[in-house]
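> Below you'll find the structure I mean.
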Amino acid sequence: MPGPLAGISIVIASFLIGAIPWGYVAGKASRGIDLRTVGSGGTGATNVLRTLGPRASAAVALLDILKGLLPVLFARLAGFDSLWIAMAAVATVVGHCWSPFIGFKGGKGVATGAGAAIALFPYLLVIVPVMALVVWTTKYVSLGSLIAAGLAALLAVAYAAAGKLDWTFAIAIVVIGSIIAVRHEGNIRRLLQGSERRFGETITP
């Protein structure tokens, strides 16, 4: 089993991988747009969809999922202790949301958080259709994301309580869900006010 120094290294590496701002890169590379200055100001796939279109959004979403998924899978396959694996999962999301490469700004953690959480607890894949259904019926991506984050936390805690999931992993999933909720503070306020943007709305940079 890798030691503490290796554990610290995997957490730092996970943070830096999570911090790669693929949405920002896509905006700059395709149209010279700084996503931090348009739409929601986020660099995640949803703001990319509204500003750059579905193809760019799909690419960014996939890359953001992978940067959450791969570091955690690597840590698991390398035999790290569950604490280091859980910390690596949280670190990828923190890096994505507060990237040092773009002034400690970033996305809202949904795609990267999903990748990291699923790497910890693959059963969470059952939530994906629920999120898709919420977004399809309400046209609110933020609402679907918040419900998915909440369900993931509840499932993780329930399975841990039943002895079917490491509590360290369950706590990490709850922390990831909490980060997603905090990053959606503005969306929650707009949902309550009825002014939240709906899925498919575009923004002219």
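> Any aspartates and glutamates with Cα under 12 Å of the Lys139 Cα? List them, leaving off those in the same chain fewer than 8 positions away.
Those aspartates and glutamates meeting the cut-off are Glu196, Glu201.
> In the chain, which helices (entire DSSP H runs) extend 27 Å or more along their own long axis, judged by Cα positions, while averaging at least -0.5 on the Kyte-Doolittle scale?
Helix filter hits for the chain: 54-77, 141-161.
> Which order, highest average first, do 73-79, 158-164 follow once you tally other Cβ atoms within 10 Å for each residue and take the mean per peptide?
Per-residue Cβ counts within 10 Å, averaged per peptide and sorted highest first, yield 73-79, 158-164.
> Based on DSSP H runs of at least 4 residues, each adding -39500 (n - 2.57), what is the mean residue ellipticity at 222 nm of the chain after dividing by all its residues, to the nearest 500 deg cm²/dmol?
When only DSSP H runs of four or more count, the value is -22500 deg cm²/dmol.
> Additional query: Tell me the relative contact order for segment 138-195 as a rounded percent, counting alpha carbon contacts under 8 Å between residues six or more apart.
About 39 percent, as a whole number.
> So, one more: With springs only between Cα atoms under 10 Å apart, run a GNM on the chain and tell me which of Ala86, Ala58, Ala114 wobbles the most.
Answer for the Gaussian network model of the chain: Ala58.
> Under the classification rounded if a/c is under 1.5, otherwise prolate if a/b is larger than b/c and oblate if not, where does segment 4-193 fall, given a ≥ b ≥ c as square roots of the Cα gyration tensor eigenvalues?
oblate
> I would also like to ask the following. Taking only C-alpha pairs under 8 Å that are 6+ residues apart, what is the relative contact order of segment 4-193 in percent?
22
> Take the cross-link list Lys28/Lys108; Lys108/Lys164; Lys67/Lys108 and give me the ones stretching past 26 Å between alpha-carbons.
Exceeds cut-off: Lys108/Lys164.
> Measure out, as a whole number of angstrom, how far apart the alpha-carbon centroids of segment 56-124 and segment 138-205 sit.
The distance from the Cα centre of segment 56-124 to that of segment 138-205 comes to 15 Å.
> Treat every Asp and Glu Cβ in the chain as -1 and every Lys and Arg Cβ as +1, leave all other atoms uncharged, and give the resulting dipole magnitude about the Cα centre to the nearest 20 debye.
Dipole of the chain, to the nearest 20 debye: 580 debye.
> May I ask you to compute the full-extension gain from Phe101 to Trp136, defined as 0.36 nm times their residue separation minus their alpha-carbon distance, rounded to one decimal in nm?
Here the answer is 9.2 nm.
> Let a ≥ b ≥ c be the square roots of the eigenvalues of the Cα gyration tensor of segment 106-205; is it rounded (a/c under 1.5), or, if not, prolate (a/b larger than b/c) or oblate?
Cα axes put segment 106-205 in the prolate bin.
> Let me ask something else. With a 10 Å radius around each residue's Cβ, average the other Cβ atoms per peptide and rank 96-103, 173-180, highest first.
173-180, 96-103
We did not get these values from a lab; they are worked out from the coordinates using the rules stated. Since we're looking at a predicted model, the values are computed, not measured. Note: ideal-geometry Cβ built from the backbone for every residue, glycine included; neighbour counts use all protein chains shown.
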